[in-house]
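Chemist: Below is a structure I'd like to ask you about.
We did not get these values from a lab; they are worked out from the coordinates using the rules stated. The model shown is predicted, which means the values in this text are computed figures rather than measured ones. Neighbour counts run over all protein chains shown; Cβ positions are idealised from the backbone, glycine included.
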Amino acid sequence: MLSKKRLAIIGGGNMGEALLRGLLKVDFIKPGNVFVTDIRAEHLEALRQGYGVEVTPDNLEAARACDIVLLAVKPQIIKKVYTGIVGGLDEKKVIITIAAGVPTAALQALSDKKLRIVRVMPNTPALVLEGAAAIAAGEYAESEDLEIAEKIFQAVGKTVIIEEDLMDAVTGLSGSGPAYIFLIIEALADSGVKMGLSREVAMFLAAQTVMGAAKMVLETGEHPGKLKDMVTSPGGTAIAGLHTLEAGGLRTTLINAVETATLRSRELGQNQGKK
Ligand SMILES: NC(=O)c1ccc[n+]([C@@H]2O[C@H](COP(=O)([O-])OP(=O)(O)OC[C@H]3O[C@@H](n4cnc5c(N)ncnc54)[C@H](OP(=O)(O)O)[C@@H]3O)[C@@H](O)[C@H]2O)c1
């Protein structure tokens, strides 16, 4: 629990609200110590009524009032928003940015202050409290700042700490990964329908199987190859299916997908990195 610290969430959209919900659910912070900003007045009012938090359309006011400032606006506007609040930031505050593809150095370059910036790449399963977030320290961030970021994102899932130059790989794998898995679930459900299952039953079986298999990897700590071998009996059904997947190049296709997405993230970041 963050006892006396105050948290500003700049941008109460999908990710900002998901974090707010998770943090309040695990009693990480009291609603009265959270300030949420947004540009839509009716949305702010709904957040105030729904969660009992302080709300304001004034980003600078929220940044001034708080010890931790979480930037949850779109990457396209983050520099404009950051420039608007930087006057309210100082070396005692922790600034956490989740804007995809925007390096901490790009924000650092917008002021002469040595600000403690932490960059995080979350993913959409944070909306159901099963996110995977990678956390990296900016130039002046301290280890306690990383711990604060870890606690915040552990309220909506699991976290790892990495070096910032690996953020593009994270974006290609876990940031974009839910899209790959949704495609796989949809395809598995289609295959069930083709084989005569109802859409509802096929979708449930596909999604629950993906979740169960992922849970086995995380909870047993076993290599997925070993877990695969446990399902694969000699001359059986699983090995017949696996043969078809290997013939279709599933492994290579997934590796290529993550590589392409990583390179695309790097390309987008190069534009963002410019002042
Ligand atoms: N969603 C994800 O899975 C995901 C994953 C990784 C990283 N991220 C990062 O998280 C950030 C937020 O993404 P999101 O999906 O939550 O976006 P979002 O739903 O659009 O949330 C952003 C919120 O900020 C509001 N806003 C716009 N201009 C503002 C301003 N000047 N001051 C304060 N608030 C303002 C938006 O209002 P309007 O809607 O009215 O414009 C919206 O409510 C992005 O930088 C994204 O790269 C998201």
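Chemist: Just to confirm a number: summing +1 for Lys and Arg and -1 for Asp and Glu over residues other than Lys92 whose beta-carbon lies under 14 angstrom from that of Lys92, what do you get?
Modeler: Values: positive: Lys4, Lys5, Arg6, Arg64, Lys93, Lys113, Lys114, Arg116; negative: Asp67, Asp90, Glu91, Glu142, Glu144, Asp145.
So the environment of Lys92 carries a net charge of +2.
Chemist: Per-residue HN-Hα couplings for segment 58-72, Karplus 6.51 cos²θ - 1.76 cosθ + 1.60 at θ = phi - 60°, whole Hz, x for Gly and Pro?
Modeler: After applying 6.51 cos²θ - 1.76 cosθ + 1.60, I find 9, 4, 5, 4, 5, 5, 5, 7, 10, 8, 10, 10, 9, 8, 10 Hz.
Chemist: Can you work out the Karplus-derived ³J(HN,Hα) for every residue in segment 169-179? Use 6.51 cos²θ - 1.76 cosθ + 1.60 with θ = phi - 60°, whole Hz, and x for glycine or proline.
Modeler: For segment 169-179, the Karplus-derived couplings read 5, 5, 4, x, 8, 7, x, 8, x, x, 4 Hz, x marking Gly and Pro.
Chemist: Same structure again: With a sphere of radius 11 Å drawn around the Cβ of Ala65, what net charge do the other residues whose Cβ falls strictly inside it have (Lys, Arg +1; Asp, Glu -1)? Spell out each step's value before the answer.
Modeler: Numbers: positive: Arg6, Arg64, Lys93; negative: Glu54, Asp58, Glu61, Asp67.
Counting the neighbours of Ala65, the net charge comes to -1.
Chemist: If you don't mind, another one. Can you run the Rg to Rh ratio on segment 79-123? Use alpha carbon positions and the Kirkwood inverse-distance Rh. Before the final figure, lay out the partial values.
Modeler: Numbers: Rg = 10.1 Å, Rh = 10.9 Å.
Over the Cα atoms of segment 79-123, Rg/Rh equals 0.93.
Chemist: Between Leu205 and Leu254, what is the label-to-label distance in nm when each label sits 7 Å out along the Cα-to-Cβ direction?
Modeler: So the label points at Leu205 and Leu254 sit 2.1 nm apart.
Chemist: Could you list the GluC sites (Glu not before Pro) in segment 221-275 that lie in coil according to DSSP, counting only those with at most 15 other Cβ atoms within 10 Å of their Cβ?
Modeler: Working: sites: Glu222, Glu246, Glu259, Glu267; in loops: Glu222.
Taking segment 221-275 and a limit of 15 other Cβ atoms within 10 Å, the loop GluC sites (Glu not before Pro) found are Glu222.
Chemist: Quote the FRET efficiency, to the nearest 0.05, computed for Ala238 versus Glu144 with a Förster distance R0 of 51 Å and r equal to the Cβ-Cβ distance. Present the calculation step by step, with values, prior to reporting the outcome.
Modeler: On the way: r = 48 Å, r/R0 = 0.94.
Calculated value: 0.60.
Chemist: May I ask for the distance between the Cα centers of segment 227-271 and segment 90-164, given as a whole number of Å?
Modeler: After rounding, the separation between the Cα centres reads 30 Å.
Chemist: Is the shape of segment 7-164 best called rounded, prolate or oblate, per the rule: a/c under 1.5 gives rounded, else a/b larger than b/c gives prolate, else oblate, with a ≥ b ≥ c the square roots of the Cα gyration tensor eigenvalues?
Modeler: Numbers: a/c = 1.55, a/b = 1.13, b/c = 1.38.
Note, shape of segment 7-164 comes out oblate.
Chemist: In deg cm²/dmol, rounded to 500, what helix-only [θ] at 222 nm does the chain give when every DSSP H run of at least 4 residues adds -39500 (n - 2.57) and the total is split over its residues? Before the final figure, lay out the partial values.
Modeler: Details: 12 runs with 145 residues, N = 275.
Value at 222 nm, helices only: -16500 deg cm²/dmol.
Chemist: Stick to the Cα atoms of the chain, pair each with every other, and give me the Kirkwood hydrodynamic radius in Å at one decimal. Numbers along the way, then the final one.
Modeler: On the way: mean 1/r = 0.0488 Å⁻¹.
After inverting the mean inverse Cα-Cα distance, the result is 20.5 Å.
Chemist: What is the distance, in nm, between label points placed 7 Å from the Cα along the Cα-to-Cβ direction at Leu166 and at Lys113?
Modeler: Roughly 3.0 nm, to one decimal.
Chemist: Quick one: which residues, 5 or more positions from Lys158 or on another chain, have an amide H under 5 Å from its amide H? H modelled 1.01 Å from N in the peptide plane, none for Pro or chain starts.
Modeler: Gly131, Ala132, Ala133
Chemist: A further question on this structure: What is the calculated FRET efficiency for Leu245 to Asn271, with r their C-beta to C-beta distance and R₀ = 35 Å, to the nearest 0.05? Don't jump to the answer; show the numbers that get you there.
Modeler: Numbers: r = 37 Å, r/R0 = 1.06.
With R0 = 35 Å, the Cβ-Cβ based efficiency is 0.40.
Chemist: Pop out the ³J(HN,Hα) list for segment 233-244 in order, Karplus 6.51 cos²θ - 1.76 cosθ + 1.60 with θ = phi - 60°, rounded to Hz; leave Gly and Pro as x.
Modeler: With the stated coefficients, segment 233-244 comes to 8, x, x, x, 6, 4, 5, 5, x, 4, 4, 5 Hz.
Chemist: With both partners inside the chain, how many of the DSSP beta bridges are antiparallel, as a percent to the nearest 5? Could you put the intermediate results ahead of the total?
Modeler: On the way: 4 of 28 bridges.
Percentage antiparallel, nearest 5: 15.
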